[in-house]
1. For segment 22-57, give me the residue count where each residue is touching a helix residue (DSSP H, G or I) at 6+ places or on another chain (Cβ under 7 Å), part of a helix (DSSP H, G or I) and surrounded by fewer than 14 Cβ atoms within 10 Å (Cβ to Cβ).
2. With respect to the numbered conditions (1) touching a strand residue (DSSP E or B) at 6+ places or on another chain (Cβ under 9 Å); (2) under 30 Å from residue 119 (Cα atoms); (3) free of Cβ contacts under 8 Å to residues at least 12 places away in the same chain, which one is the sole condition not fulfilled by residue 24?
3. Give me a count of the residues in segment 70-84 that are modelled with pLDDT under 90, outside any loop (DSSP other than H, G, I, E, B) and out of contact with any helix residue (DSSP H, G or I) (no Cβ under 7 Å at 6 or more places or on another chain).
4. What's the total number of residues in segment 91-120 that are in contact (Cβ under 8 Å) with a residue 12 or more places away in the chain, part of a helix (DSSP H, G or I) and over 17 Å from residue 36 (Cα atoms)?
5. Does segment 1-16 contain at least one residue that is touching a strand residue (DSSP E or B) at 6+ places or on another chain (Cβ under 6 Å), surrounded by fewer than 13 Cβ atoms within 10 Å (Cβ to Cβ) and closer than 29 Å to residue 124 by Cα?
6. Pull up segment 58-96, narrow it to residues that are more than 17 Å from residue 130 (Cα to Cα) and over 18 Å from the mean Cα position of the chain (by Cα), then point me to the one that is surrounded by the fewest Cβ atoms within 10 Å (Cβ to Cβ).
């Protein structure tokens, strides 16, 4: 559906769902210090600050995919050890990173994603998914990642 065909309610709904999810994730970090946000509370590498970093990176990648298709995604078969290490770093806070900085980046990515969804010329335009271990055969449209994944 083109911009002219999309109802204001439909776009508002597509913007409201991730906005609420972002608000809830930000709420989990309220009043935390950098040390608390970086603390691993399980045996995994994951910490709350890292989770927010990872969600930010995922949203940034999704927006790039919507604009540029599979070429915006990393080629899984060509990933180097450095690429894998950089991906792993999205799950944790690194020395020198602050929760405030991570949240600011999250807000910036959210703003850009919202602008993209508000101005996409065709909400039904589909992109073929790049080959990954977790990809399905179904192409993604703008609403699919937030609705299905």
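1. The total comes to 1.
2. Of everything listed in (1) touching a strand residue (DSSP E or B) at 6+ places or on another chain (Cβ under 9 Å); (2) under 30 Å from residue 119 (Cα atoms); (3) free of Cβ contacts under 8 Å to residues at least 12 places away in the same chain, residue 24 misses just condition (1).
3. 7
4. Selection size over segment 91-120: 11.
5. yes
6. Looking at the filtered set, the residue picked out is 95.
The values are calculated or read from the model by the stated rules, or taken from the named source; none is laboratory data. Because the structure is predicted, anything quoted here is derived from the model rather than measured. Note that each Cβ is placed from the backbone with ideal geometry, even for glycine, and that neighbours are counted across all protein chains shown.
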